[in-house]
Amino acid sequence: MESTIKTMSSAYEDFAAAAASVVREREASGGRRTAATDVALENFRQRWELFRASCDRAEEVMDMARRRITTEYVVDAAASAAERPAEGGLTPVSVPRLEQALHAVNSLAADLRRGPGGAAVSSPSSSPSGVASQAEKAD
């Protein structure tokens, strides 16, 4: 995560420097379009795209962390609920069964992200949530 933040910070600094370069070139040319202003604008566009890509990557990292934390929380909550006696006639949830349900939901979510006839999204060899089930851990 730290490298993602450093990459995004560096891309932002490059983007800000490119913006300043555009302003300097415009002032130097008296507001006219010149080869130097075109180069500065092209550099600005490229730096913007790199900054956007680094922000998108940071967002992906945050989403993966959020999913992992959420999944771990649900599994922990189910495990602690299974240890307590049933309250109000509810039967306790087994952790393996919950992991199977989570895997099924994550598989459906991956299918929806692919869309109709879309390209396959690469996923880890364990469950899409990144949490290995008890059966996978036993292998």
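Please work out if Val39 is open to solvent by less than 70 Å² (accessible area, probe 1.4 Å) and at pLDDT 75 or above.
no
Scanning region 83-96 for residues that are modelled with pLDDT of 65 or more and either part of a helix (DSSP H, G or I) or small (Gly, Ala, Ser) (or both) yields Glu83, Ser94, Val95, Pro96. Looking only at residues in region 46-82 that are of a type in the set (S, T, N, Q) and at pLDDT below 90, the one that is farthest from Phe15 (Cα to Cα) is Ser80.
The single condition among (1) out of contact with any Pro (no Cβ under 8 Å at 6 or more places or on another chain); (2) at pLDDT 75 or above that Gly115 does not satisfy is (2).
Each residue in region 1-18 was checked for being assigned to a helix (DSSP H, G or I) and loosely packed, with under 15 Cβ neighbours inside 10 Å, and 9 pass.
Flag not set for Arg33, criterion: charged (D, E, K, R) and either surrounded by 12 or more Cβ atoms within 10 Å (Cβ to Cβ) or within 30 Å of Ala110 (Cβ to Cβ) (or both).
The values are calculated or read from the model by the stated rules, or taken from the named source; none is laboratory data. Because the structure is predicted, anything quoted here is derived from the model rather than measured. Note that we place each Cβ from the backbone using ideal geometry, even for glycine, and neighbour counts take in every protein chain shown. SASA here: full protein model, heavy atoms, side chains in, ligands and nucleic acids out. Shrake-Rupley method; radii C 1.70, N 1.55, O 1.52, S 1.80 Å.
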